[in-house]
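Any read-out appearing in this document is the output of simple, stated calculations on the displayed coordinates, not a laboratory observation. Predicted, not measured: the structure shown is a model, and the values here were computed from it. Neighbour counts run over all protein chains shown; Cβ positions are idealised from the backbone, glycine included.
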Amino acid sequence: MQLRVAGEQALILYLGAVATAEISARVQAAVLAIESVLGNDLVDLVPSYASVLIVYDPLRTDHLSVARRVRGALHTLRIEAKSVVRTVVLPVYYAAEAGADLEALAARTGLSVQEVIELHTGTEYRVYAIGFAPGFAYLGQVDERIAAPRLATPRARVPRGAVAIAERQTAVYPAESPGGWNLIGRCPVLMFDPRAQPCMPVSVGDSVRFESVSRERFLALGGDLA
C-alpha cells in the first residue's frame with residue numbers, strides 16, 4: 001500500500017498495481033475503514049481499480065492528520081474471506097438491431113452469435129470503477145474468447161443502454177454519447193438517474209451478471225430501440 005499527496009486537499013491510496021477481484025475487495029474494505037476514521041473531515045472518496053482518492057476538508061484537518069489516521073486504519077485492515085458482495089442482474093436484448101457489432105465480433109472470434117451471448121452471460125463481473133460518464137461502470141473480466149479491441153474509429157453516437165465490450169472489459173452506456181466499444185446488445189435499466197436514490201444501480205465492488213431477454217421482454221422493461 002502506498003499513500004501519496006494528490007493535491008492541496010487530497011491523498012491517493014494505491015492498493016495494488018493491477019485490477020483483480022482481491023484488490024477490488026481491498027479497495028472496498030479500505031473505503032469503509034477510511035470513512036470510519038475520517039468522519040466529517042471527509043469530503044469525498046473515489047474508489048477505482050486499485051486505488052482510492054481521498055478528498056478532505058482543509059478547514060477541518062490537514063494531510064498529515066489524514067495520512068496518520070488512514071495509515072492507522074489500514075494497519076488493522078482485514079479482508080473478510082466471506083465478505084458479502086452484492087450481485088446485480090442486468091437484462092440484455094442481444095441482437096443485431098440492438099448491438100451493431102455482435103455479428104462482426106462473432107465472425108472475428110470464430111464463434112456463433114449464440115456462443116458469444118452465452119459467454120457474455122456466463123461470466124460474473126466485478127465493478128472495478130465508475131467513470132467516463134455518470135453511471136458508466138467498468139466491468140471485468142470478459143472471457144478472453146470474446147475480448148475485442150476498441151473500434152479504430154469511435155462512433156459519434158452510441159445509444160443509452162448499449163452493452164459493449166472493449167478488450168476484457170464490458171459496460172452499459174448510461175446515456176447517449178460518443179464511444180469506441182463493440183456493441184453487442186441493449187439493456188433497459190437506467191444506469192444513472194439523478195432523481196433516484198441511489199442514483200446508480202451498481203457500485204464499485206458489486207458483482208454483475210447479464211441475463212439474456214427477448215425483444216418483447218426488453219421493450220416491456222422500458223427498453224428503446226429507436
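A few remarks follow.
- Net charge dipole size for segment 85-184 [Lys, Arg +1 and Asp, Glu -1 on Cβ; Debye, nearest 20]: 340
- Largest GNM mean-square fluctuation across G99, G39, G185, computed for the chain with C-alpha springs under 10 Å, falls on G39.
- Of L119, L90, L183, the residue with the greatest mean-square motion in the GNM of the chain, using alpha carbon springs below 10 Å, is L119.
- Computed over neighbours whose Cβ is under 13 Å from that of V127, the net charge equals +1, Lys and Arg +1, Asp and Glu -1.
- Most tightly packed first, judged by the mean number of other beta-carbon atoms within 10 Å of their residues, the peptides 158-167, 121-130 read 158-167, 121-130.
- Length-normalised contact order for segment 1-90 - Cα pairs under 8 Å, 6+ apart - percent: 30
- Check: the chain dipole with +1 on Lys, Arg Cβ and -1 on Asp, Glu Cβ, in debye: 340
- Distance in nm between pseudo-label sites at R108 and L32 (7 Å out along the Cβ direction from Cα): 3.9
- Between helix 21-38 and the chain there is an angle of about 40 degrees, using the helix long axis and the longest principal axis of the Cα atoms.
- Dividing the mean sequence gap of close Cα pairs (under 8 Å, 6+ apart) by how many residues segment 21-154 holds gives a relative contact order of 18 percent.
- Under the Karplus curve 6.51 cos²θ - 1.76 cosθ + 1.60, θ = phi - 60°, whole-Hz ³J(HN,Hα) for segment 211-218, x wherever Gly or Pro sits: 10, 6, 10, 6, 4, 5, 5, 4
- In Hz, Karplus ³J(HN,Hα) per residue of segment 123-137 (6.51, -1.76, 1.60; θ = phi - 60°; x = Gly, Pro): 10, 9, 9, 9, 7, 8, 6, 10, x, 6, 8, x, x, 7, 9
- Close amide-amide hydrogen proximity is noted between A129 and Y138, each under 5 Å apart and 5 or more residues distant or on a separate chain (H modeled in the peptide plane; Pro and chain starts excluded).
- Taking amide H atoms as placed 1.01 Å from N in the peptide plane, the amide H of S51 lies under 5 Å from those of L15, each 5 or more residues away in sequence or on another chain.
- Relative contact order %, the chain, counting alpha carbon pairs below 8 Å whose residues are six or more apart: 20
- Scanning residues 5 or more positions from A6 or on other chains, those with amide H under 5 Å from its amide H are L11, I12, with H placed 1.01 Å from N in the peptide plane.
- Along the axis of the charge dipole computed for segment 1-92 (Cβ charges of +1 for Lys and Arg, -1 for Asp and Glu, origin at the Cα centre), the listed residues V85, L38, V66 are led at the positive end by V85.
- Cα lying deepest toward the dipole's positive end in segment 29-139, options S48, A96, Q114, charges on Cβ: S48
- 3J(HN,Hα) from dihedral phi, segment 188-199, Karplus parametrisation 6.51/-1.76/1.60, rounded to Hz, x for glycine, proline: x, 6, 6, 7, 8, 9, x, 8, 8, 9, x, 7
- 15 Å beta-carbon shell around V66, net charge (K/R +1, D/E -1): -1
- Charge sum, other residues only, whose C-beta stays under 11 Å from W181's C-beta, Lys/Arg counted +1 and Asp/Glu -1: 0
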